[in-house]
Amino acid sequence: MIVAMQPASRTNLADSAAESLRAEIVGGRWAVGERIPNEAGLSKMLSVSRGTVREAVRAVVSQGLLETRQGSGTYVKSAVDPTAALDRVKRAGLRDQWEARAALDAEAARLAAIRHTPADLETIRRLLAARGTVADGGREEFIRRDMAFHKAVVAASGNSAMVEIYEFFTAAIAETIDSTLAGQMPEPDAAAHSAIVDGIASGDPDRAAAAIRAFVAPILLELDRLLSR
């Protein structure tokens with residue numbers, strides 16, 4: 001007896017059907033090596049047309065979960081969801097980026113606390129005030145403003161090599177910012193940013209570096225939690 005699945009509800013029916021198939025395979029509806037229902041059966045189960053079923057099956061075949069045997073049918077090849085593994089890889093890469101950024105930002109803040117000029121501090125404070133929120137011009141504009149603030153902190157370090165390295169890693173650093181705006185990670189709030197400025201203004205390098213570590217800590221904790229799942 002064929003038990004109906006939930007109807008596909010997304011605009012792209014083929015993608016939705018493929019997701020439903022993938023979920024059923026990973027969930028153990030069919031064992032590895034077992035033949036899944038034919039197009040007519042899947043069409044009924046997914047509440048979509050046969051053409052949509054064909055597209056969905058092709059997508060899941062390309063992901064390595066199914067294999068089509070000529071003249072025999074389509075069989076479960078693997079019950080391990082490759083998209084979950086890819087997500088973990090992306091998160092691991094993101095954690096590496098955040099760790100690298102934290103190290104660079106912390107040392108820059110330490111040096112900025114020692115070497116900043118009144119003009120440096122004025123620039124940093126002005127850029128923090130202008131940072132605003134995502135609602136002020138959208139995500140890309142917010143990332144640009146946020147990057148300007150952090151670049152000003154690095155510039156205040158007085159270390160030209162750090163400035164060049166930060167410029168080199170701008171794309172990766174922008175990705176770390178974007179990750180917090182996409183709902184994946186907690187976005188450091190205004191108070192966390194202000195603490196960095198206060199640490200630099202205090203002239204205490206340890207306080208400035210500690211502000212960076214506090215700024216990054218919730219994000220690294222969340223990445224650790226996601227990677228451990």
Discussion item. Considering only residues that are of a type in the set (A, V, I, L, M, F, W, C) and surrounded by 13 or more Cβ atoms within 10 Å (Cβ to Cβ), which ones fall in region 126-147?
Written reply: Leu127, Leu128, Val134, Phe142, Ile143, Met147
Worksheet, complete the sentence: Flagged in region 26-84 as exposed (fewer than 13 other Cβ atoms within 10 Å of the Cβ), assigned to a loop (DSSP other than H, G, I, E, B) and touching a residue at least 12 places away in the same chain (Cβ under 8 Å), in numbering order, are Gly28, Ala31, Gly33, Glu34, Asn38, Gly64, Ser72, Val80
Discussion item. I need the full set of residues from region 117-145 which are hydrophobic (A, V, I, L, M, F, W, C) and assigned to a loop (DSSP other than H, G, I, E, B), in order please.
Written reply: Val134, Ala135
Worksheet item: Say we look at region 108-138 and pick out the residues that are among the charged types (D, E, K, R) and more than 25 Å from the chain's Cα centre (by Cα); which of these is nearest to Ala190 (Cα to Cα)?
Response: Arg125
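Evaluate region 92-106: report whether one residue or more is of a type outside the set (Gly, Ala, Ser), part of a helix (DSSP H, G or I) and at pLDDT 90 or above.
Here is the first cut: in region 92-106, the residues of a type outside the set (Gly, Ala, Ser) are 94-99, 101, 104-105.
Next, only the ones that are part of a helix (DSSP H, G or I) stay: 94-99, 101, 104-105.
Keeping just the survivors that are at pLDDT 90 or above gives 104-105.
Yes: region 92-106 contains one or more residues that are of a type outside the set (Gly, Ala, Ser), part of a helix (DSSP H, G or I) and at pLDDT 90 or above.
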Discussion item. Checking the condition farther than 30 Å from Pro205 by Cβ, at pLDDT below 90 and in contact with a strand residue (DSSP E or B) (Cβ under 6 Å, 6 or more places away or on another chain), which residue from Val60, Val80, Val26, Val3 passes?
Written reply: Val60
Worksheet item: Within region 171-229, can you find the residues that are surrounded by 14 or more Cβ atoms within 10 Å (Cβ to Cβ) and assigned to a loop (DSSP other than H, G, I, E, B)?
Response: Gln184, Met185, Glu187, Pro188, Asp204
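This table checks each residue for (1) closer than 18 Å to Ala148 by Cα; (2) of a type in the set (Asp, Glu).
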position: Thr176; (1), (2): yes, no
position: Thr180; (1), (2): yes, no
position: Pro188; (1), (2): yes, no
position: Ala195; (1), (2): yes, no
position: Asp198; (1), (2): yes, yes
position: Pro205; (1), (2): no, no
position: Ala217; (1), (2): no, no
position: Leu220; (1), (2): no, no
position: Asp224; (1), (2): no, yes
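The values are calculated or read from the model by the stated rules, or taken from the named source; none is laboratory data. Since we're looking at a predicted model, the values are computed, not measured. Cβ coordinates were reconstructed from backbone atoms using ideal geometry, including for glycine residues, and neighbour counts include every protein chain displayed.
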